[in-house]
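Following: one structure in structure tokens, then a few remarks.
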Amino acid sequence: MSERRAAVAVRRGRAAKAPLTAESILEAALGLIRQHGVDAVALRQVAEQVETGPASLYAYFAGRDVLLEHVLDAAYGQVQLVDAHDHADGWRGALAATIVNTVETLEQYPGLGSIALGTIPVLPGALRLAEHELALMDAGDVSADRAALAVDLIAQFAASSAIERTVRSSSRGGDGEREQVHTTYANADPGRFPRIRQHAALLTAPDEQARRGFAIRVLIDGIEGSTS
């Protein structure tokens, strides 16, 4: 068999490559971010995952920044929305649970929270999330002006919480870091920092879940509260 025929036979024996689509590109980018984080992901790496060249991606996304905006929106589309009638605490509980789900979704993709802080949400995944939050607040008789501000505040909280997890995970401080902080607080100068010294245990005891739960309760209390 000639070399040319052999090459044709090899090509015919291969499985057909999946067609390149915006969805396949986003899936590849999400997988890379989950594994390596946003900062380590380049267009060349994404292109390799979908078996094409970087130039081919520009037919779907104008550049890395645009791609990451759509990746963020794809992540927002994964957030599990909680309805008021499905939660014992009604709209407040449903909103709190939806916020937690948003944070946990962003945490699956290290560094994506930083993209969220710098992005104005205009894509379908973000709009889906905002629409749900507005519907929950409408069910709680939150005024439209407060609800509109709350959507932005909730997005900032979710993004910054996800960033904090990424930073903490990379530092790998763990319980040893907490003990060190507690020791520093407990031994603080009583003349300058008496309350820090007195409340050292209280300041360092709450775990991440307790801190997040408290922050979300305060956030929703503020949303629901009367305008000053």
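Give the residue list of GluC sites (Glu not before Pro) in segment 27-85 that are DSSP loop and have at most 13 other beta-carbon atoms within 10 angstrom.
In loop regions of segment 27-85 (DSSP not H, G, I, E or B), the sparsely surrounded GluC sites (Glu not before Pro) are 51.
So what is the accessible area of segment 27-129 per residue, in Å², with the probe set to 1.4 Å?
Values: 5060 Å² over 103 residues.
Per residue, segment 27-129 has 49 Å² of solvent-accessible surface.
Scan the chain and report its longest stretch carrying no trypsin sites (Lys or Arg not before Pro) that are both in a DSSP loop and have at most 16 other Cβ atoms within 10 Å.
Here the longest run is 18-171.
How high is the relative contact order of segment 48-177? Use alpha-carbon pairs under 8 Å, at least six apart in sequence, and give a whole percent.
In percent, rounded to a whole number, it is 28.
With a point put 7 Å past each Cα toward its Cβ, work out how far residue 210 is from residue 104 in nm, to one decimal.
2.0
Count charges around residue 94 for me, please; just the other residues with Cβ under 10 Å from its Cβ, Lys/Arg as +1, Asp/Glu as -1.
-3
If the elastic network links every pair of Cα atoms under 10 Å, which of 105, 184, 119 fluctuates the most in the Gaussian network model of the chain?
Maximum among the listed residues: 184.
Could you derive backbone 3J(HN,Hα) for segment 127-136 from the dihedral phi with the Karplus parameters 6.51, -1.76 and 1.60 (θ = phi - 60°), listing whole Hz in sequence and x where the residue is Gly or Pro?
Result, ordered by residue: 5, 4, 5, 5, 4, 5, 4, 5, 5, 5 Hz.
Over the chain, one equal point on each Cα, no solvent: what is log10 I(q)/I(0) by the Debye formula at q = 0.14, 0.17 Å⁻¹?
The calculated log intensity ratios at q = 0.14, 0.17 Å⁻¹ are -0.98, -1.18.
Treat each spin label as a single point 7 Å out from the Cα along the C-beta direction, and report the residue 56 to residue 80 distance in nm.
Distance between the two pseudo-spin positions: 3.5 nm.
What net charge do the residues around residue 49 carry, taking every other residue with its C-beta under 14 Å from that of residue 49, with Lys and Arg at +1 and Asp and Glu at -1?
Cβ neighbours under 14 Å give a net charge of -1.
In percent, how large is the relative contact order of the chain, given Cα pairs closer than 8 Å and 6 or more residues apart?
17
If amide hydrogens are placed 1.01 Å from N in the peptide plane, which non-local residues have theirs closer than 5 Å to the one on residue 199?
Result for residue 199 returns nothing.
Any idea what log10 I(q)/I(0) is at q = 0.17, 0.24 Å⁻¹ for segment 62-140, Debye with uniform C-alpha scatterers and no solvent?
Reported log10 I(q)/I(0), two decimals: -0.65, -1.08.
With a point put 7 Å past each Cα toward its Cβ, work out how far residue 193 is from residue 49 in nm, to one decimal.
4.2
The values are calculated or read from the model by the stated rules, or taken from the named source; none is laboratory data. Bear in mind that the values here come from a model prediction, so they are computed numbers and not experimental data. In this analysis, Cβ positions are derived from the backbone assuming ideal geometry, glycine residues included, and neighbour counts consider all displayed protein chains. Accessible surface is based on the protein model in full, side chains and every heavy atom, while ligands, DNA and RNA are left aside. Shrake-Rupley method; radii C 1.70, N 1.55, O 1.52, S 1.80 Å.
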